[in-house]
Amino acid sequence: MELTWTDRQAVHGCDISASFFDPQVVDREDDFTRRMLPVFKTARPALLYSEQDRKNFVADPLIAQPDAVLRHGHGLLSLEYKSQSRRSHRPEQWQRDIPCSGVLQTLAAAMAVAMESGKSVAPLLRCHNVIYFLRPHPELVTRLMTGAAEAKAYWGEDRYVSASQLAAYCEPWVRSRFAQKDDAQAASSEAGRLRHEEMLRR
């Protein structure tokens with residue numbers, strides 16, 4: 001299987017691989033896999049469910065409806081699509097463009113698919129000009145799993161909590177626990193470190 005990843009970074013509690021493509025070319029494809037998963041150059045995962053099927057996956061109390069579920073080898077792919085009004089992500093700064101809520105919803109949906117199917121599931125987030133493969137850190141997986149019941153109570157749901165609701169509930173924790181420093185903050189922190197070292201040398 002040939003996969004072409006452009007970059008790989010730790011973002012929002014995940015080890016994320018990114019693959020950029022030309023959306024004007026890809027979006028003209030008739031084949032679903034070629035259009036939605038352009039990272040696959042030779043392999044062709046088999047589509048099991050698309051958004052039109054409105055297939056629910058339940059892992060009580062979590063319920064999810066991925067945009068697509070595909071079979072690939074002995075496992076499954078759980079795909080979420082976030083067009084963000086067709087806004088392109090920047091290859092040099094995609095870590096700032098990738099939506100935290102989208103990452104968490106993708107993971108929550110993949111968890112539900114995995115628990116219902118009993119198979120290994122790869123979470124994929126497809127945006128306008130890039131597709132992301134998410135490998136969540138164990139701490140984040142634990143938080144999502146324990147957070148499902150909390151989110152259900154928080155949103156006042158009687159039976160199930162959706163993947164998007166779980167994502168919204170956990171997002172503040174994720175942003176705090178796995179906070180990203182922008183360039184200005186990083187520069188300020190480095191300057192502070194140097195001033196502190198200079199003070200200690202006096």
- Item | With Cα atoms, 0 to 90° folded angle of helix 183-201 axis to the chain main axis | 30 degrees
- Relative to the longest principal axis of the C-alpha atoms of the chain, give the angle of the C-alpha long axis of helix 163-177, reported between 0 and 90° and rounded to the nearest 10°. 20 degrees
- Query: What trypsin sites (Lys or Arg not before Pro) does region 122-169 have in DSSP loop regions with at most 11 other beta carbons within 10 Å?
  - Reply: R159
- Under the Karplus relation 6.51 cos²θ - 1.76 cosθ + 1.60, θ = phi - 60°, what is the ordered set of whole-Hz ³J(HN,Hα) values for region 10-19, x standing for Gly and Pro? 8, 9, 6, x, 10, 8, 10, 9, 10, 10
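With runs of 4+ DSSP H residues as the only contributors, calculate the mean residue ellipticity of the chain at 222 nm using -39,500 (n - 2.57) per run, divided by the residue total and rounded to the nearest 500.
So the calculated ellipticity at 222 nm is -12500 deg cm²/dmol.
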- With charges set only on the Cβ (+1 for Lys and Arg, -1 for Asp and Glu), what does the dipole of the chain come to about its Cα centre, in debye to the nearest 20? 280 debye
- Query: Within a Cβ distance under 15 Å of A148, other residues only, what is the Lys/Arg minus Asp/Glu net charge?
  - Reply: -3
- Amide H neighbours of L76 under 5 Å, at least 5 residues apart or on other chains, H built in the peptide plane: list them. S120, V121, A122
- Query: If you count the DSSP beta bridges with both ends in region 7-201, what percent of them are antiparallel, to the nearest 5?
  - Reply: 75 percent
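Counting only C-alpha contacts under 8 Å and six or more residues apart, can you give the relative contact order of the chain as a whole percent? Can you show the working numbers first?
On the way: 337 pairs, mean separation 46.0, N = 202.
Value for the chain: 23 percent.
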- Note on the structure: Taking a crude spin-label model, label points 7 Å out from Cα along the C-beta direction, the V25 to M145 distance in nm is 4.1 nm
- Message: Going by Cα centres, region 43-65 and region 109-174 are how many Å apart?
- Response: 13 Å
- Task: Kindly express, to the nearest 10 degrees and within the range 0 to 90, the angle between helix 100-117's C-alpha long axis and the longest C-alpha principal axis of the chain.
- Result: 40 degrees
- Note down, for the chain, the three equivalent ellipsoid semi-axes (square root of 5 times each alpha carbon gyration tensor eigenvalue), biggest first, whole angstrom. 32, 24, 14
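If contacts are Cα pairs under 8 angstrom and at least 6 residues apart, what is the relative contact order of region 47-92 in percent?
Values: 50 pairs, mean separation 13.4, N = 46.
Taking the mean separation of contacting Cα pairs over the length of region 47-92, I get 29 percent.
Computed from the coordinates by the stated procedures, all read-outs in this text should not be read as laboratory data. On a predicted model such as this, the values are computed, not experimentally measured, just so you know. Ideal geometry is used to build each Cβ from the backbone, glycine not excepted, and the neighbour counts take in all protein chains shown.
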